[in-house]
Amino acid sequence: MAMQFNRLGKYYYLRFKRLKGDPYALAFGTAIGVFVGITPTMPLHTVTILILAFLTRTSAIAGVLSSWVVCNPLTYIPIYYFSTVIGNAVTPYELNWEKIQSAVAEISSAQSFGHSLQILAGLGLESLTVLLVGGCLLALPFALVSYYIALYTFLKIRAKRQAKHILN
């Protein structure tokens, strides 16, 4: 099992390493992907990333890849749990954990995108407010940190490519 995670980590690292483009656009695309990936809007991640990347003229591919890294079956429950805790603390509404667990289980096994949206709508406006506010507050620091880590990484990759190109 640990070997599979190691291989998966190397796979995503290589995918990021092979991305080409402006390091700032790639880093901002990565931050968008991390931000959206951590928000509890599971069936809408890719669409949201594509729209935000288009509007900000950043890398949609970097965004989608980073979203896949941060939002996966191992992180669904912690994302929804901490979004609920934070949302309950900062909004006037109260959302219980059992309701969220059942919704996450249903969304994970949903047969279609429309069915996932019905499940989210069934939570109610107050529940969605708690989740979205909590999720955005949870995601913001991770997105900021990921921007600077990605920018540093993409600048180093660009410098290595330029040095290699000069030597050839």
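For segment 76-99: of the residues being within 22 Å of the chain's Cα centre (by Cα) and without any contact (Cβ under 8 Å) to a residue 40 or more places away in the chain, which is farthest from residue 44 (Cα to Cα)? The extreme case among them is 97.
Table: residues versus (1) within 24 Å of residue 120 (Cα to Cα); (2) buried (at least 18 other Cβ atoms within 10 Å of the Cβ).
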| residue | (1), (2) |
| --- | --- |
| 10 | no, no |
| 47 | yes, no |
| 50 | yes, no |
| 58 | no, yes |
| 69 | yes, yes |
| 80 | yes, yes |
| 85 | yes, no |
| 92 | yes, no |
| 101 | yes, no |
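Exactly one residue out of 21, 63 is touching a residue at least 12 places away in the same chain (Cβ under 8 Å) and surrounded by 20 or more Cβ atoms within 10 Å (Cβ to Cβ), and it is 63.
Close contacts from segment 156-168, counting a first residue that is modelled with pLDDT under 85 and a second that is surrounded by 10 or more Cβ atoms within 10 Å (Cβ to Cβ) and polar (S, T, N, Q), with Cβ to Cβ under 6 Å and a gap of 6+ residues or different chains, come to none at all. Being among the aromatic types (Phe, Trp, Tyr) and in contact with a helix residue (DSSP H, G or I) (Cβ under 6 Å, 6 or more places away or on another chain) is a condition met by at least one residue of segment 22-35. Helices (runs of 4 or more DSSP H) fully within segment 37-146 that include at least 2 residues being touching a Pro at 6+ places or on another chain (Cβ under 8 Å) and closer than 30 Å to residue 25 by Cα: 76-90.
The values are calculated or read from the model by the stated rules, or taken from the named source; none is laboratory data. Treat the numbers as computed from the prediction; the structure is a model and nothing was measured. Backbone-built Cβ (ideal geometry, glycine too); neighbour counts: all protein chains shown.
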